[in-house]
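Working notes, beginning with the structure itself.
The values are calculated or read from the model by the stated rules, or taken from the named source; none is laboratory data. The model shown is predicted, which means the values in this text are computed figures rather than measured ones. Glycine also receives a Cβ, built like all others from the backbone with ideal geometry; neighbour counts cover every protein chain displayed.
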Amino acid sequence: MKSKFLISFYFLFLSFLNWSQQLEKNKNYYISSIGFWNVENLYDTLNDQWKNDEEFTPAGTNAWNGKRYWTKIDHLAEVISQMATDINPDGLSILGLCEIENKSVVQDLINSPKLKKRNYQLIHIEGPDARGVDPSFIYNPSYFKVKKAISYHVTLVTDSSHKTRDILVISGSFLGEPLSVLVNHWPSRRGGEMLSRVNRNAAAKVARHVADSITLSDPKTKIIIMGDLNDDPINECVKKFIRTYGDIYSAKDDEYFNPMEKPYQDGIGSLAWQDSWNLFDQIILNAAWIPKKYETWQYYAVRIFNKPFLKSDFGNFKGYPFRTYSGGSYTAGYSDHFAVYITIAKEKK
């Protein structure tokens, strides 16, 4: 599995390098990037009586104190500050996040020295999740203007009394073009992949229903369904209930293109467990993104941001995402997931 991953990454890197060189030679296109990242338990150090956050306090099992919190903020900012800057000095124009405790921690993140000059703005809506973590959304106002933000509940089929994460939906204008982004963190595989599958299918149904409602209102709207789906691109919730395809040349108006499907089939992932890679972190696009003549913003490429400094270099988890805690011990890493992003292009007139 590891050798297959390395070979696949090599060919993906060569493909991306060739693509970047082509962009450099061709100055006739505007370029931007949109990403997603599960940042792994971004909690403050305070005990919120309405949330199960006790382990992320100074007295909790993780001994989560101010020093560790600000190290986490600095590490996340370091990664975000680097993403997509090789093709646009502004970096990411939009970034969806998950495992966020509250608005305050995202504010600390975008106000950090490595990100402050970008003037990122944020959208965060508190949801019902028992652990108190929700999806969140940051954006560069030079690229994206927010018109509406709302969250939609997901009910677990296996246990309706257990509260899970909402789907955060932000609608607005991306440099004059209508865009809606659905930021997801679907129910986990707790209890086993098979038994918990119905919960992710339920989340997918909600996401697809919301997306269909938006396009019914405005067929020209570009839609992105992004998030940690806790399933791979080939799993039922994605293929059957979002209704996706992986071959960009077989586009259908009523289906969604999933650029993550091919990297997954090539053995590339965003998280790992027991020498097996998964690609739970996905960015899925409606037909309005599929390249025609680049007269509007169109999909161009996908990338998993997995630079060497983001990988653990020791122990049983060598090569895996370098996480904040490992085996119950504080390791001062970044996240247990790699970030992902797409690059989009538009022809200059």
remark   = Counting only residues in the range 40-77 that are of a type in the set (A, V, I, L, M) and either touching a Lys or Arg at 6+ places or on another chain (Cβ under 7 Å) or within 16 Å of Tyr334 (Cα to Cα) (or both), the one surrounded by the fewest Cβ atoms within 10 Å (Cβ to Cβ) is identified as Ala77
key: Tabulated pairs, the range 95-121, first over 15 Å from Ser81 (Cα atoms), second of a type in the set (Gly, Ala, Ser), C-beta under 6 angstrom, 6+ apart or interchain   = Ile100/Ser136; Glu101/Gly132
query = Would you call Asp253 part of a loop (DSSP other than H, G, I, E, B), touching a helix residue (DSSP H, G or I) at 6+ places or on another chain (Cβ under 6 Å) and loosely packed, with under 14 Cβ neighbours inside 10 Å?
reply = yes
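Listed here are the residues, each with its yes/no results for (1) modelled with pLDDT under 95; (2) over 15 Å from the mean Cα position of the chain (by Cα); (3) under 18 Å from Tyr341 (Cα atoms); (4) not hydroxyl-bearing (Ser, Thr, Tyr).
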{"residue": "His209", "(1), (2), (3), (4)": "no, yes, no, yes"}
{"residue": "Asp212", "(1), (2), (3), (4)": "no, yes, no, yes"}
{"residue": "Leu216", "(1), (2), (3), (4)": "no, yes, no, yes"}
{"residue": "Ile224", "(1), (2), (3), (4)": "no, no, yes, yes"}
{"residue": "Cys237", "(1), (2), (3), (4)": "no, yes, no, yes"}
{"residue": "Met260", "(1), (2), (3), (4)": "no, no, yes, yes"}
{"residue": "Gln274", "(1), (2), (3), (4)": "yes, yes, no, yes"}
{"residue": "Asn278", "(1), (2), (3), (4)": "no, no, yes, yes"}
message = Given (1) buried (at least 23 other Cβ atoms within 10 Å of the Cβ); (2) at negative phi; (3) not acidic (Asp, Glu), identify the lone condition not met by Gly227.
response = (2)
ask   = Can you tell me which of Glu295, Glu261 is of a type outside the set (Val, Ile, Thr) and either free of Cβ contacts under 8 Å to residues at least 40 places away in the same chain or surrounded by 21 or more Cβ atoms within 10 Å (Cβ to Cβ) (or both)?
value = Glu261
request  = Could you grab me the full set of residues in the range 34-71 that are part of a helix (DSSP H, G or I) and either β-branched (Val, Ile, Thr) or touching a Gly at 6+ places or on another chain (Cβ under 9 Å) (or both)?
outcome  = Glu54, Thr71
ask   = Can Trp289 be described as in contact (Cβ under 8 Å) with a residue 12 or more places away in the chain, touching a strand residue (DSSP E or B) at 6+ places or on another chain (Cβ under 9 Å) and closer than 22 Å to Ser173 by Cα?
value = yes
note = Restricting attention to the range 192-223, the residues that are of a type in the set (Ser, Thr, Tyr) and farther than 16 Å from Val181 by Cβ number exactly 1
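Name the strands (runs of 3 or more DSSP E) wholly inside the range 111-228 in which the number of residues that are farther than 19 Å from Phe36 by Cβ is 1 or more.
Those strands (runs of 3 or more DSSP E) span 144-152, 167-174, 177-185.
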